[in-house]
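Shown next, in structure tokens, is the structure this report addresses.
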Amino acid sequence: MGGRVLSVASECVPLVKTGGLADVVGALPAALAVTGWDMRVLLPCYRALKAQTAGWPVVWEEGDLWGGPGRVLAGTVAGVPVLLLDAPHLFDRDGGPYSSLQGEHPDNAIRFAALSWIAAQIAREGLADWKPDVLHAHDWQAGLAPAYLAYHGNGGCKSVLTIHNIAFQGWAPGHMLGILRLPGHAFHTDALEYYGGISSLKGGLVTADWITTVSPSYAAELMRPEFGMGLQGVLAARGPVVSGILNGVDTSVWNPGAEEPPFGPKSLAGKVSARASLCQEFGLDVPGPLAIVVSRLTDQKGIDLLPAVVPDFVLGGGGLIVLGSGDPGMEAAMRNLAARFPGRVAVRIGYDESLSHRLFAGADAVLVPSRFEPCGLTQMYGLRYGTLPVVSLVDGLADTVIGANPATLAAGAATGITFHPVDTLAFGQALTQLLVLYRQPKLWAKLRSNAMAHPVGWETSAAAYAALYERLTG
Ligand code: ADP
């Protein structure tokens, strides 16, 4: 089968990125192509993107887009078929996609309503030679696109909304209802009214034909008050059309065979020498497992648990390298650990893509003690690099790592170590388990080969999205 999908988002790799949303939006078109689904990505033409559009044909024109005209330019960037909404009065300005040095752009509600409006127009009417079967909206910035289809006619186009981060919900005051071209009847709590205003994410949640999140467990968690951030009831009410589809990782970028020195499941000498280089670079001498943390240093990531569990881990022979930045108190706590355990614990505060590759190549384990994790990427890098993930059993982490226990070890299925609840007792026990497993070379080798065989690429996810589109249009 197959068909056409208009993906609409505020970010897309390699054009514009502030977070994981951009990776997903940028990876999907190529991953879907092999399934027969032809995806094009509609994005705002931010100032920094304008230079790339020279010579691109205009495929859509809109006379009145909230205070000025808009037009859509079509092109291809790094293999991604892109539609850029060129509306200078909304997008040709200083700063990032959402803010300038002065703070958030004050007209964000209108800027992203305009993006959603054009997405709905194209979905409903089609371009001259390309009519989408499905509109796939991402996060609050595109949340009104399914709403516009629902309230102004969908022209036979189905809609999917994906939640990458429920913390951002796109709120605007209620008096903007008409300005945002939304009908009066939509302003009630069963539709897009939210705390007396308008939430574009909620608008999408109540109108989309299907809703996805970036892992099946996160989909379930979002229906609970602890994680739904106010929208749990809306999601629960739409439960039958909510599902989770895991993100993949770019296996050409995260490829042990492309590291220096290269290694793979059957040739681990490169990993051994990467470990030695790492220990030398950081002045470490670690008889037991060398663990890493590559993360934002925040409460969500459970970094505050480390000071309590690392001393026993070090005493048992383990070592740790932390790469990250974030909460100043947590940065200081990480520095203290390094000062307390010289030769065993090292810390690098900052963001360093190339170091993070070397860490995954050389380490034995990656620690991810998150309190919640919509999908999570570092545990998947760990799997691919044979750097065993030690993760809390939440959301996307629970969906990607098979924790070692008597049953999974007997079945030869374990790919890492899992723990729950997210506290120092359970985390400490997981690190003890890491020390014990590391002392059993045969078992350790089996775990590592299981981990490296676990599929983390986009193929599975793309097939799941394709199956969803088929179901909606079939
Ligand atoms: P989140 O998006 O919540 O921060 P994810 O695990 O989904 O968590 O993605 C985080 C990404 O950022 C991963 O690719 C991770 O390797 C990377 N990352 C985080 N901190 C650093 C850092 N200090 N240096 C290099 N890469 C980092």
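Condition check ((1) in contact with a Cys (Cβ under 6 Å, 6 or more places away or on another chain); (2) within 11 Å of the ligand (Cβ to nearest atom); (3) at pLDDT 95 or above) across all residues:
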{"site": "Arg348", "(1), (2), (3)": "no, yes, yes"}
{"site": "Ser356", "(1), (2), (3)": "no, yes, yes"}
{"site": "Ala361", "(1), (2), (3)": "no, no, yes"}
{"site": "Val366", "(1), (2), (3)": "no, yes, yes"}
{"site": "Glu373", "(1), (2), (3)": "no, yes, no"}
{"site": "Gln379", "(1), (2), (3)": "no, yes, yes"}
{"site": "Tyr385", "(1), (2), (3)": "no, no, yes"}
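Residues considered: Leu32, Leu65. Of these, the only one that is open to solvent by less than 60 Å² (accessible area, probe 1.4 Å), hydrophobic (A, V, I, L, M, F, W, C), more than 16 Å from the ligand (Cβ to nearest atom) and closer than 26 Å to Glu459 by Cβ is Leu32. Looking only at residues of the range 35-61 that are of a type in the set (A, V, I, L, M) and part of a helix (DSSP H, G or I), we find that the one that is nearest to Ala462 (Cα to Cα) is Leu49.
Taken over the range 302-326, the criterion of being within 15 Å of the ligand (Cβ to nearest atom), touching a Ser or Thr at 6+ places or on another chain (Cβ under 7 Å) and open to solvent by less than 30 Å² (accessible area, probe 1.4 Å) is satisfied by Gly302, Ile303, Leu323, Gly324. Regarding the range 249-262, can at least one residue be identified that is at positive phi and under 23 Å from the mean Cα position of the chain (by Cα)? Within the range 249-262, none of the residues are at positive phi and under 23 Å from the mean Cα position of the chain (by Cα). With respect to Pro57, determine if the residue is at pLDDT 95 or above and open to solvent by 50 Å² or more (accessible area, probe 1.4 Å). In short, yes.
Within this structure, Gly75 fails the test of being in the same structural domain as Tyr465 (by TED's automatic domain parsing), in a loop (DSSP other than H, G, I, E, B) and open to solvent by 10 Å² or more (accessible area, probe 1.4 Å).
Does the range 83-102 include one or more residues that are of a type in the set (Lys, Arg), outside any loop (DSSP other than H, G, I, E, B), in contact with a Phe, Trp or Tyr (Cβ under 9 Å, 6 or more places away or on another chain) and touching a residue at least 12 places away in the same chain (Cβ under 8 Å)? For the range 83-102, residues of a type in the set (Lys, Arg), outside any loop (DSSP other than H, G, I, E, B), in contact with a Phe, Trp or Tyr (Cβ under 9 Å, 6 or more places away or on another chain) and touching a residue at least 12 places away in the same chain (Cβ under 8 Å): absent.
Of all positions in the range 52-64, at least one carries a residue that is in contact (Cβ under 8 Å) with a residue 60 or more places away in the chain, touching a helix residue (DSSP H, G or I) at 6+ places or on another chain (Cβ under 8 Å) and not hydroxyl-bearing (Ser, Thr, Tyr). Hey, does the range 151-168 have a residue that's surrounded by 23 or more Cβ atoms within 10 Å (Cβ to Cβ), under 30 Å from Asp399 (Cβ atoms) and touching a Cys at 6+ places or on another chain (Cβ under 9 Å)? Checked the range 151-168: at least one residue is surrounded by 23 or more Cβ atoms within 10 Å (Cβ to Cβ), under 30 Å from Asp399 (Cβ atoms) and touching a Cys at 6+ places or on another chain (Cβ under 9 Å).
Of the helices (runs of 4 or more DSSP H) that lie entirely inside the range 152-249, those containing 3 or more residues that are free of Cβ contacts under 8 Å to residues at least 40 places away in the same chain span 232-237.
The values are calculated or read from the model by the stated rules, or taken from the named source; none is laboratory data. Just so you know, these numbers come straight off a predicted model, no measurement behind them. So basically every Cβ, Gly included, is an ideal-geometry build from the backbone, and we count neighbours across all protein chains shown. Side chains included, ligands, DNA and RNA excluded: accessible areas come from the protein's heavy atoms. Shrake-Rupley method; radii C 1.70, N 1.55, O 1.52, S 1.80 Å.
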